[in-house]
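One structure is given below, encoded as structure tokens.
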Amino acid sequence: MAEGAERTIAQTLAQSQSAGLERLDAQLLLLHALGRQPHDRAWLIAHDGDKVSLSVSKSIEMLSKRRIQGEPLAYLTGHKEFFGMDLEVDARVLVPRPDTESLVEWALDVLSGMAWANVIDLGTGSGAIALAIKKHHPEFRVQGVDRSADALAVAAANAERLQLDILFRESFWLSGLTEKFDLVASNPPYIADNDSHLAALAHEPKQALTSGVDGLDDIRAIVAQSPDYLQPGGWLLLEHGYDQAAAVRQLLAQSSFLQVQSRKDLAGVERCSGGQWIPTPQCV
Ligand code: GLN
């Protein structure tokens, strides 16, 4: 095909795929370049003979190249769907994963039946967990903390766009907070510093991914802090790596959490573990 000639939608998609893109990624990037919604894939098929402007062709070529080099689709489109919400994301935050929806479901189970609750999401990133909880319980107090001011800016923008009233603030886990919570939820960094999976995650913020030689440094810190910040009967729920469930249950049990248990993600992997904090009466 002549250089500079306009391509059709079908030709553009074929070109992206022959460059190495998955069909779905090619469709989603083209929809983004055309200013259309991700759910408009049927529109692409119905209009496969329509011409694509040269500027859209150029931008799709650039986006395809970046995708092939491993940039997450969500950073290229600026959007990621999470728990039925459209979140705006960029390289300042980890891309929200469907795995984390299991943690949200567990959090909603714990909160169901409560008339009011004080909830905090530690290492909130894009705000995904806090936003999903607030959306389902607008009357609850929901906060999100992160060590990264950049991440908090992304979370606050999402909350504003979705009109969810959440308090976001900078903090190292629960340090310095002066209140007690009915639920502490977190998807902390949990990948070992030298894990080979990190190569595939090179575009995402490292501080949101890695946590010491066994990946458990941050989970240990959160488990150690939480008893001082939980109401009697409050729950701590943590996401962790595919092979860390037993280790996290052990940490929770060692810190005297009760009802220690794990939940599976959609792939059937034990992905979250948690426990309930019931202080033992002090002997006098
Ligand atoms: N689940 C992510 C991954 O392995 C990592 C998320 C995290 O470290 N919290 O791709």
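Arg169 falls short on exactly one of the conditions (1) within 23 Å of Glu139 (Cα to Cα); (2) assigned to a helix (DSSP H, G or I), and that condition is (2). For first residues located in the range 69-94 and away from the ligand (no atom under 16 Å from the Cβ), partners that are modelled with pLDDT of 95 or more and among the acidic types (Asp, Glu) and lie 6+ apart or on another chain with Cβ distances below 6 Å form the pairs Gly78/Glu88; His79/Asp86.
Given the criterion outside any helix (DSSP H, G or I), open to solvent by 10 Å² or more (accessible area, probe 1.4 Å), free of Cβ contacts under 8 Å to residues at least 24 places away in the same chain and within 21 Å of Arg220 (Cα to Cα), identify the matching residue among Gly176, Gly113. Step by step, each of Gly176, Gly113 is checked, and only Gly176 is outside any helix (DSSP H, G or I), open to solvent by 10 Å² or more (accessible area, probe 1.4 Å), free of Cβ contacts under 8 Å to residues at least 24 places away in the same chain and within 21 Å of Arg220 (Cα to Cα). Of Gly78, Gly70, Gly35, Gly20, all but one fail to be on the phi > 0 side of the Ramachandran plot and touching a strand residue (DSSP E or B) at 6+ places or on another chain (Cβ under 8 Å); the exception is Gly78. Of the helices (runs of 4 or more DSSP H) lying entirely inside the range 1-90, those carrying at least 2 residues that are open to solvent by 60 Å² or more (accessible area, probe 1.4 Å) are 9-18, 23-33, 41-46, 54-68.
The values are calculated or read from the model by the stated rules, or taken from the named source; none is laboratory data. This structure is a prediction, so every number in the text was calculated from the model and none was measured. Glycine also receives a Cβ, built like all others from the backbone with ideal geometry; neighbour counts cover every protein chain displayed. Heads up: the accessible areas ignore ligands, DNA and RNA and are worked out on the full protein's heavy atoms, side chains in. Shrake-Rupley method; radii C 1.70, N 1.55, O 1.52, S 1.80 Å.
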